[in-house]
Amino acid sequence: MKVAVLNYEGVVTTSVTGPYDMLAKVGMVSKALNVASKENFEVDIVNSSNLAGNLPFYVVGNKTVNNRKQYDLVLVPAMDFDVIEKTLQNETGLMKWIAKQYHNGADVAAMCMGTFMLAATGLLEGKRATTHWMGAPFFRKLFPGVTLEDAKVIVDEGRLYTSGAAYSFTSLMIYLIEKFGGRDIALAMSKVFMIQVHDTGQNAFSIFNLQHQHGNTEISNVQKHIERNYRSKLSVNGLAEHFNMSERTFIRKFTAFTGNTPLEYIQRVRIEAAKKLLEKGKDTVEEVAHETGYEDFSSFRNIFKRFTGLSPKDYKRKYGEMFRNAIVG
């Protein structure tokens, strides 16, 4: 199976070398552990500069490759968040090349912020995708025709794959190895590389960014009020009255400027506070629910799981232990 790992200006280096290393070693692991793989992965690192001007050949390592080579799988690595717009402007040739590879039969997988480049090709229009949770608001603004499921670590749209934050590319590689090579070799690779495949969404790892950069002072004041008073009883109607707006106008304006309804914002502020308390591990789950403004524990548990993908007890067990180890270690 012929695989191209793209390399371009602004790329996150580890999302080039990591996938290359994992896929290139499938054959070695298969032989060493006597585990069959349905596919052997022949991996090239393809520099975007070599594709410019439709050059007939480019160099990969010590070999010369025909520029018209058709790949079976194209990997689009992550880019740094602060170069997204510049990269999308400068890499139009690379994006055309990706689309051509796809239309000629290649599967395409994008990692983290690399989903921006894949979306810019137009291939994700009308489809689902995921990306790093930090880039989700900007992604929705640039590509409203793509259904972003940023809580998910991996989204499979048949021949198009996307993965979430940072090192979740390791899970994507195991996923692709299993899809093309089979479950046995995927399990062997996960053991060799010591990768625990994600069984939750990336929301469990995210930090809710309390967004105040929209420029509207009135709505920013509402946000600050919620952030200071989330332990108290808060209602959408009460907030509207407090800030001298009709409920309908309040909901419309707040949602337009923050991307969340007022109720979603209250819930997300509370859940973020709950996560921090659970990570410290001092309070019981019931105490955390009460401290973050929830009188109904069942409601707290359901909302917490909806936003993080884990129950409060599971979150405390998993991340509370990590927090304690980090402090002690």
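Taken together, the values in this text are just the output of simple stated rules run on the coordinates, not laboratory data. Bear in mind the structure is a predicted one, so any value in this text is a computation, not a measurement. Cβ coordinates were reconstructed from backbone atoms using ideal geometry, including for glycine residues, and neighbour counts include every protein chain displayed.
Some notes on this structure:
- For the chain, the longest principal axis of the Cα atoms and the long axis of helix 247-258 meet at an angle of about 40 degrees.
- If both residues of a DSSP beta bridge must be in the chain, then about 30% of such bridges are antiparallel.
- In this label model, THR13 and LYS313 are separated by 4.6 nm, measuring between points 7 Å along each Cα→Cβ vector.
- Within straight-line cross-link reach of LYS69, lysines at Cα separation under 29 Å, skipping those fewer than 8 residues along the same chain: LYS2, LYS25, LYS31, LYS38, LYS86, LYS96, LYS100, LYS127, LYS179
- Shape of the stretch 2-205, Cα gyration tensor, a/c cut at 1.5: oblate
- Computed from the C-beta positions of THR249 and ALA36, the FRET efficiency with R₀ = 45 Å rounds to 0.10.
- Backbone phi angles across the stretch 277-290, fed through the Karplus curve with coefficients 6.51, -1.76 and 1.60 (θ = phi - 60°), yield HN-Hα couplings of 5, 5, 5, 6, x, 7, 9, 6, 4, 5, 5, 5, 4, 5 Hz in residue order; Gly and Pro are listed as x.
- C-alpha long axis of helix 297-308 to longest principal axis of the chain, angle in °: 30
- The HN-Hα couplings worked out from phi for the stretch 23-33 by the Karplus form 6.51 cos²θ - 1.76 cosθ + 1.60 (θ = phi - 60°) are 5, 5, 9, 4, x, 5, 5, 4, 6, 5, 9 Hz, whole numbers, x standing for Gly and Pro.
- Database remark: amide H of LYS127 closer than 5 angstrom to the amide H of THR147 (H placed geometrically; neighbours at sequence offset of 5 or more, or on other chains; Pro and chain starts carry no H).
- For the stretch 217-328: relative contact order, % (alpha-carbon pairs under 8 angstrom, 6 or more apart): 24
- In sequence order, calculated HN-Hα J values of the stretch 121-128 (Karplus, 6.51, -1.76, 1.60; Hz; x Gly/Pro): 6, x, 5, 8, 4, x, 10, 9
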